[in-house]
1. Collect the residues in segment 595-617 that are over 21 Å from the mean Cα position of the chain (by Cα) and of a type in the set (D, E, K, R), keeping them in residue-number order.
2. Among the residues of segment 300-316, is there at least one that is within 25 Å of F230 (Cβ to Cβ), under 47 Å from the mean Cα position of the chain (by Cα) and assigned to a loop (DSSP other than H, G, I, E, B)?
3. Keeping to segment 483-507, report how many residues are outside any strand (DSSP E or B) and either among the hydroxyl-bearing types (S, T, Y) or open to solvent by 50 Å² or more (accessible area, probe 1.4 Å) (or both).
4. For segment 663-712, enumerate the residues that are among the charged types (D, E, K, R) and in contact with a Ser or Thr (Cβ under 7 Å, 6 or more places away or on another chain).
5. Conditions: (1) touching a Leu at 6+ places or on another chain (Cβ under 7 Å); (2) in a helix (DSSP H, G or I). A768 meets all but one. Number of the miss?
6. Return only the number of the condition from (1) in contact with a Gly (Cβ under 9 Å, 6 or more places away or on another chain); (2) surrounded by 21 or more Cβ atoms within 10 Å (Cβ to Cβ); (3) of a type outside the set (V, I, T); (4) under 30 Å from L325 (Cβ atoms) that E186 does not satisfy.
7. Are any residues in segment 366-384 of a type outside the set (K, R) and open to solvent by 40 Å² or more (accessible area, probe 1.4 Å), and if so, which ones?
8. Filter segment 448-465 for residues that are under 22 Å from the mean Cα position of the chain (by Cα) and either open to solvent by 40 Å² or more (accessible area, probe 1.4 Å) or modelled with pLDDT of 95 or more (or both); which is farthest from V487 (Cα to Cα)?
Amino acid sequence: MYNSKSSLLLLLFLINSFIFFCNADSGTKCSNTSSLIGFESNFTMVQHQLRGHFKILDDCSFQVSRFDMLSGSSDVVFWGAVAVDFSNITRGFPISDHRLNQTTYKNASFSIQLLPNVTWDQIKVLSVWDVTTLSDFGHLTLPTNGSDFYPSRVHTMFDNCKNLSGNYRVRWSLNVEDNWIEIGLEGATKTMNYMAFGWANPKGTKELMLGADIAVAAFTEEGRPFVDDFYITSYSECMLHGKDGSAVGVCPDVVYENTTNGMTLNNTKLVYGHRRDGVSFIRFRKPLNSSDDKYDLPVNPTEEMTVIWALGLMKPPDTIRPYYLPQNHGGPMMVAYGHLRLNASENVDDCFGPLDADDKQDQDLIIASAKVPLVVTTGEALHYPNPPNPSKVLYINKKEAPVLRVERGVPVKFSVQTGHNVALYITSDYLGGNATLRNATETIYSGGPEAEGVMASPYELVWAPDRNTPDQVFYQSLYQPKMGWRVEVVDGGLSDMYNNSVFLDDQQVTFFWTISKDSISIAARGEKKSGYLAIAFGGEMVNSYAYVGWINNAGKGRLNTYWIDGKDASNVHLTNENLTHVRCKSENGIITFEFTRPFNPSCSSHDKKKECKNILDPTTPLRVVWAMGAKWSEHLSERNMHSVTSQRPVRVMLMRGSSEAEQDLRPVLAVHGFMMFLAWGILLPGGILAARYLKHVKGDGWYQIHVYLQYSGLAIILLAVLFAVAELHGFFVSSLHVKFGIAAIFCACVQPVNAYLRPKKPDHGVEASSNRIIWEYFHVNVGRGAIVVGIAALFTGMKHLGERYKGENVHGLSWALIIWFLIGALIVIYLEYRERQRRRDRFLGRGNWVLGNVEEDDSVDLLNPHHASARTGSQNSGLMEVQLEPLSR
């Protein structure tokens, strides 16, 4: 027992010793040798409303307090550099692994450890830096070891802050000994709005603004800050009376009188001003007790006094009034104007966190036009939106780095006059300057090394953003990063973004498309309100590939693809087609969706998915139908079925850019089919049978029947072809039926030409010539081949009719056609048997001879040499001498 207790105490002693030495060791890692320990400074705001106080704790850590910052990207760090200029700060380095990824910092305090390989001697500028966008949110400058250094004054930091409204603040620092108060007005307001603040007339009771001494701060059209001293004599815009020139209203002090005892009346002095992230900030100094006792009110710093404030539109100078004049603030109280009691000497700080403006974009907006070129030049960087930046940036139409708005499908012309060392290009990269040099990837949409020019010889660059262009790209210089700014790409009319468009059936849906090398971009827009919109490729919704667009419960557009093989919800099968650039939206209940798909689905040869058969041939008319309904969802039911649909498909000629409504051509095709059946099933076979089996008839009756039936059949064939071509508005050789038909018609047309060129028939008893035998061989076999190909054309025609119209009676008609030709085949077999029997009897001499019929028997097959020689021999051996004597009556 004793030993166990001793062992436990020893173990605890060892653990405590280990912890002690570890702590001691860790303490020695962070020494206090640097002369910068204890150095304090404030961050200079650059963007993201950054404010904060900085203090060096020891050789490897620092503290940040009263820290405000709007959220940036996911890669905001503390950054070290040797200087604050663009070239040096962009080549800086992270000094800590701490990431400032909080949504928004509000009066935060924290301590930061330096990286092990970083010392204070290496850091001359410490910045809050966004690595992704190369953006400086704020920075401060550190002194060199051993030098006497006093931190520069930071104009955005004050001793006190008071919220006047949700988007307006007043900050101030008081110096009673030197008789001044410095005031900072900060408002999330528009660029051309003013910020007013001042002291009310202490003698006033209800009308606080009358007799008030206020300062009005704003920015000029060029973005320069200014502040003026105003005195209020009435609730009106400043006006001058024509008779005596006296002023009345809200007027600058200098309007009332130019000078008093040689002193200027505008006793407010501008200290600093900027506009960042949609927030205006102007700092000015005002005396507590002015020498102007007529238009300025004395401020007692220890007394609680009434102050008034307002926000409103500032009217720029004109020829009549050469001053910036505030307009009536309007709006509700405590939003656009208000008052409160304030003691300037009391410490107040109820400004929790930075002001967050709804619209943080202050850059000029230029909307591109297809008719007017945009003049691109370079100029001095004054208000570049993403500091740090080079000293020279891009100007468009004399505006510094404006936001450029373009429409998809509308060409944009640039007249590039940037000089020969700046090449314009449109890129997906935020920074520009050739992203490949930073080992980054980018997509270049237009421009390049050749897009440079001067005023005397500008370069004309034309860029046509299409439907696949992202919503945001950037115009930049190819050789220098961060010279340009954003391009907003918005949807124009669909007719501008697509090369072709047609109305589908009933003009309830518009179909748009643009053909590329291996793909097609398609859009569909309903012309009336609906819960979903569907288009399908096929003669009707059943047995078609459908594309359905709708808005889900979260308000987001969706687009799904389906294979439909029936009329129930269970027959709608979800597919997974390779669609890109998919969009779906609803405006006032009108649904529009877009997508891009390849002509041939990317499927392997063994893939049996339904979508693999959805192949589009741009040279073949595409049949398109549509449907609309009240609601669509991922889980289909009978309620998802369409409430309105197209009555018939529209044939869209993709290459031609046109369409036509697909008419019900079944009556036309029925007449065409009957005529072809009459020709290939009755007349032409009948003509062949007459030539084969009626030659034993006396005279040339068989020949007349043969010729009349063949010519009648050929005429009906040509009429049927012309009839079908006229109704179908064209002659298309894509189907198997048409190919068989062309071959059969060719063979049928060859026969009359062949008959016209036949060699002369040999005289009675003379052996047929070789030309005659060859002709008979060709004539007989071409005719028989034509019948075979024609019958094949009949059957493929029935199949084509069934595929096109899904006719239920096509199957029965096909069987009737099969039975008809089977009966015809049996008749031919029977006639052939009788013909061969007759020939055998004739050869044996048992035939019934007609005395005096000395014409040639064409029933003998001339194509058989044995039969030809046999016929000659029999004729010779059959000669006999007959002696006739007169009959005695």
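The values are calculated or read from the model by the stated rules, or taken from the named source; none is laboratory data. Note that the structure is predicted; figures quoted are calculated from it, not measured. Cβ coordinates were reconstructed from backbone atoms using ideal geometry, including for glycine residues, and neighbour counts include every protein chain displayed. We work out accessible area using only protein heavy atoms, side chains counted, and drop any ligands, DNA or RNA first. Shrake-Rupley method; radii C 1.70, N 1.55, O 1.52, S 1.80 Å.
1. Matches in segment 595-617: D607, K608, K609, K610, E611, K613, D617.
2. Yes, segment 300-316 contains a residue that is within 25 Å of F230 (Cβ to Cβ), under 47 Å from the mean Cα position of the chain (by Cα) and assigned to a loop (DSSP other than H, G, I, E, B).
3. Qualifying residue count, segment 483-507: 7.
4. K695, the sole residue that qualifies.
5. Tallying (1) touching a Leu at 6+ places or on another chain (Cβ under 7 Å); (2) in a helix (DSSP H, G or I), A768 fails exactly one: (2).
6. Status for E186: all satisfied but (1).
7. Within segment 366-384, I367, S369, A370, V372, P373, V375, T378, E380, L382, H383 meet the criteria.
8. V462
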